[in-house]
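The values are calculated or read from the model by the stated rules, or taken from the named source; none is laboratory data. The model shown is predicted, which means the values in this text are computed figures rather than measured ones. Neighbour counts run over all protein chains shown; Cβ positions are idealised from the backbone, glycine included. What goes into the accessible areas is simple: the full protein's heavy atoms, side chains included, and nothing from ligands, DNA or RNA. Shrake-Rupley method; radii C 1.70, N 1.55, O 1.52, S 1.80 Å.
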Amino acid sequence: MVVHSAAERVLAGLDPEQRSAVTAPAGPVCVLAGAGTGKTRAVTSRIAHRALTGDISARHVLAVTFTARAAAELRSRLTLLGVQGVQARTFHAAALRQVRYFAPRLLEGRAMPELLDSKARVVTLAAAKVGLRADRAAARDLAGEIEWAKSSLVEPGEYVVAAAKALRDTPHEPARVAEVFAAYEKLKRGNGVIDFEDMLRAAVWGIEEHPDVAEQVRGQYRHFVVDEYQDVNPLQQRLLEAWLGGRDDLTVVGDASQTIYSFTGATSAYLVDFPRRHRGATVVRLVRDYRSTPQVVGLANAVISQARGTEARLRLELVGQRPPGPEPDLRIFTDEPAEAAAVATRCRTMIDTGTPAREIAVLFRTNAQSEAYEKALTEVGVPYVVQGAERFFERTEVRQAMIALRAATRSVDGGMPLPVAVREALTAVGWAPDSPPAGGAARERWEALAALVQLAEEYAGTPPMLPVGEAAVVERPVTLADFNDELARRAAQQHVPTVDGVTLASLHSAKGLEWDAVFLVGLSEGTLPTTYARTAEQVEEERRLLYVGVTRAREWLWLSYSVARSPGGRARRPSRFLPQLDRSGGGERAGAAPAKQAAARRPVARVISCRICGATLLAGPDRKLGRCPTCPSDIDEELYERLREWRVRVSGAQKVPSYVVFTDATLTALAERKPVRVEELIAIAGIGPRKLGLYGESVLALVRGAAVDDVCPQKTFEN
């Protein structure tokens, strides 16, 4: 009874689609989950419900994610649901754990090879071996190409053909890359080291070639969950199939419209083909968006609605669940410095009026765009954090802080509260709580250390429990040694604390994150889509990048581009992915030079919202109606018939087709919105000054209840 009561609580509050995902029978299940639709809740609830009803044992579940942060979130939510023992890990962490465990058996007593943290150093040496000089950027590009090949199960001798078939934009001639690839593999073997792809391959080899290992692994893991399944590459899929061993208790979760990592070898093909590969699979679509306002959701739908290709087959149309919010703000600037300055100024204003800096993000297509925004934010004194530039626990000031905190355990007063002890220890690395720098890199360093203090305050609020007998527990104060252990655990799992600053991030690194306010900048042709997107598939991936960016915003969204890269530079066109918004609302472009005021008066886009649900309207007929085509109509049928009869008489008298007077969509809009004043009439798209002068008085009279004969007597049209 208690168990089933707990299982019922897991189902409480789920929407119908989430409940379908949670209660789907054992076997292959594919959850197509749009952005913000509660996929993590659905996944954890499915695991918990099955465990609490006795359908499965939690210790037999392996849940695989793509980031340590996501894995930690899964474990945390499962604990809150009352389920312990589920293994939630990244592909790499799960494989490393298994390889280390079986190494004595697989390697016949030899020590397990050291795992490379980065390919760059070995790649640089490999390039030199074949006569190529590779600076830091070139080594990074070559390492990325080798990583793609190995993730795609391509050997050095197969690289040239595989790269041609995949239309790879290689950093050197493909044959030269293949030489570097071969030299890299040889150097690794000679030095007794392996990389992350080798480790995944070792896990596959251990299962496929050693029946005893396969039996033990498959005995331990019997039920599988894979998050972000659209990002799986062929090597990861091979490992998943090795784990499964022909079994089918597999739940995958993904969104084809968020496939943005194909350059690394990731492919949505496994998600798209899941129902075909697993006959009888349960497929559930999650479309209720709980993250973003209807205005943001409407724009996201408009961006992805034009998608073409394989991924578009699984396109989801999201339905916003939050109250209406502000319209997306579309702006155009003369050049990139003006755009960056305007963004920084708006960030400053938002922070001054109460929006936390950590709830604001500036997202761009390439990392090279970051510098302009770092400079602009520094000039207005706004703190920022560059996402993905350097891992938090690898930052110099954080490493120094952790050393200082460990050293302080020998001298700190045992009765000192943890936050106080941490603040005092950090003075050794020059941190002062009351004197943050105005901005820039110095402010970024200060905020990183401030994040450690904030984490200490949060950690102090969850003191450890000491067992007393079998029935009672008591709390003990959290010590600095406890906190150091917590930091070590977080560093190992890359579970980083929240840093208080505006986030600067590429669209790729922003995936999986969300903010209250998002600036999408640099949305011009040649940047998004990038000039390197030459095929239809590559262009579609660029479209999906914009979709991912839009769906990061909870409430407030700014989209902007600059006409030129630098002042006086060559003009560029806006991104082809920007919806054709109604720009009749005018407005002045921030940052426009006086000499270009004519251009400046064009750009701020007026976005029209559905008067029923608040979603952004982009199609012409929808804008006329003032509502989504799926929202209920409140049309006055009697008025609509009088308007139709009036139109017939007017068009007959003028000897023009009826639609020249007013289209059916305009008549419907009039009968639904029933304008009684001139300003309400001209607010309907399609009624401009000319038609207002010709027909405005008659239409307003009809809306007020006049008969058609009173507005245009029959004899007038018979003469």
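Ellipticity at 222 nm from helices only: DSSP H runs of n ≥ 4 in the chain, each -39500 (n - 2.57), divided by the residue count, give -14000 deg cm²/dmol. Could you work out the relative contact order of the range 159-266? I mean the mean sequence separation of Cα pairs under 8 Å and 6+ apart, divided by the number of residues, in percent. For the range 159-266, the relative contact order is 23 percent.
Heavy-atom accessible surface of ASP117, to the nearest 10 Å², is about 140 Å², with a 1.4 Å probe and all protein chains retained. Placing a label point 7 Å from the Cα of VAL283 along the Cα-to-Cβ line, the residues of the range 257-273 whose backbone N sits under 14 Å from it are 257, 269-273. Stretching VAL539 away from GLU525 to a fully extended chain increases their span by 3.9 nm, per 0.36 nm per residue minus the current alpha-carbon distance. When +1 charges are put on Lys and Arg Cβ atoms and -1 charges on Asp and Glu Cβ atoms, the dipole computed for the range 628-690 relative to its Cα centre reaches about 420 debye. Each label point was placed 7 Å from the Cα along the Cα-to-Cβ direction; for LYS674 and ALA137 their separation is 6.4 nm. For the pair GLU394 and ALA571, label points projected 7 Å from Cα toward Cβ lie 4.4 nm apart. With a Förster radius of 22 Å applied to the C-beta separation of ALA26 and ARG100, the computed FRET efficiency comes to 0.10. In the chain, taking the dipole from charged Cβ atoms about the Cα centre, the farthest positive-side position among ALA456, TRP431, GLN538 is held by GLN538. Which listed residue (ALA88, PRO113, TYR101) has the Cα farthest towards the positive end of the charge dipole for the range 75-131, taking +1 on Lys and Arg C-beta and -1 on Asp and Glu C-beta about the Cα centre? It is ALA88, whose Cα lies furthest towards the positive end. A DSSP coil position with no more than 15 other Cβ atoms inside 10 Å describes the following GluC sites (Glu not before Pro) in the range 345-395: GLU390.
Overall, the chain carries a charge dipole of about 1120 debye about its Cα centre when +1 sits on the Cβ of Lys and Arg and -1 on the Cβ of Asp and Glu, all other atoms neutral. Largest accessible area first, the residues SER509, SER435, SER560 order themselves as SER435, SER509, SER560 under a 1.4 Å probe with ligands, DNA and RNA left out. Shape summary: the range 30-172 maps onto an equivalent ellipsoid whose semi-axes, from the alpha-carbon gyration tensor, are 39, 21, 14 Å in decreasing order. Relative contact order of the range 237-312, taken over Cα pairs closer than 8 Å and 6 or more residues apart, is 35 percent.
Once the Cα-Cα distance is subtracted from the 0.36 nm per residue extended length, the VAL420 to LEU107 segment shows a gain of 107.7 nm.
Of the residues GLN306, VAL272, VAL362, the one whose Cα sits farthest toward the positive end of the charge dipole of the range 249-380, with +1 on the Cβ of Lys and Arg and -1 on the Cβ of Asp and Glu, is VAL272. For the range 96-202, a Kirkwood radius taken over Cα pairs fed into Stokes-Einstein (25 °C, viscosity 0.890 mPa s) yields D = 170 µm²/s. Once the Cβ-Cβ distance of ALA432 and ALA701 is raised to the sixth power relative to R0 = 45 Å, the FRET efficiency obtained is 0.05. Multiplying the residue separation of GLU486 and ALA12 by 0.36 nm and removing their Cα-Cα distance gives an extension gain of 167.4 nm. Sparsely packed loop sites in the range 306-345 (the GluC sites (Glu not before Pro) outside DSSP H, G, I, E and B with at most 14 other Cβ atoms within 10 Å) comprise GLU317.
Counting only heavy atoms of the protein chains and using a 1.4 Å probe, PHE263 has close to 100 Å² of accessible surface. Evaluating 6.51 cos²θ - 1.76 cosθ + 1.60 at θ = phi - 60° for every residue in the range 191-204, the Karplus couplings come out as 8, x, 10, 10, 9, 5, 5, 4, 5, 5, 5, 5, 5, 5 Hz, glycine and proline recorded as x.
Averaging the Cα positions of each part gives two centres, and for the range 639-683 and the range 290-328 these lie 32 Å apart. Amide H contacts under 5 Å for ASP289: VAL319, GLY320, GLN321, restricted to partners 5 or more places along the chain or on a different chain, H placed in the peptide plane at 1.01 Å from N. Amide H contacts under 5 Å for ILE684: none, restricted to partners 5 or more places along the chain or on a different chain, H placed in the peptide plane at 1.01 Å from N. With contacts taken as Cα pairs under 8 Å at a separation of at least 6 residues, the chain carries a relative contact order of 13 percent. Pairwise Cα separations in the range 488-567 fall into 10 Å bins from 0 onward with the following percentages, short to long: 15, 40, 29, 14, 2. Going 7 Å from the Cα of TYR532 along its beta-carbon direction, which residues of the range 148-183 have the amide nitrogen within less than 12 Å of the resulting point? Inside the label zone: 168-172. Work out the P(r) tail for the range 215-302: percent of alpha carbon pairs separated by more than 23 Å, whole number. Here the tail beyond 23 Å accounts for 35 percent of pairs.
The trypsin sites (Lys or Arg not before Pro) found in the range 324-412 that occupy coil by DSSP, while having at most 15 further C-beta atoms within 10 Å, are ARG391, ARG410. At a probe radius of 1.4 angstrom, the accessible area of the chain per residue rounds to 46 square angstrom. Nearest 10 degrees, 0 to 90: what angle lies between the long axis of helix 440-460 and the longest principal axis of the chain (Cα atoms)? Once rounded, one gets 70 degrees.
Here the mean projected area of the convex hull built on the C-alpha positions of the chain is 41.1 nm².
With a Förster radius of 25 Å applied to the beta-carbon distance between ASP212 and ASP55, the computed FRET efficiency rounds to 0.30. Modelled label positions at THR264 and ARG644, each set 7 Å beyond Cα in the direction of Cβ, lie 5.7 nm from each other. Solvent-accessible surface (1.4 Å probe) assigned to ILE635 amounts to roughly 50 Å².
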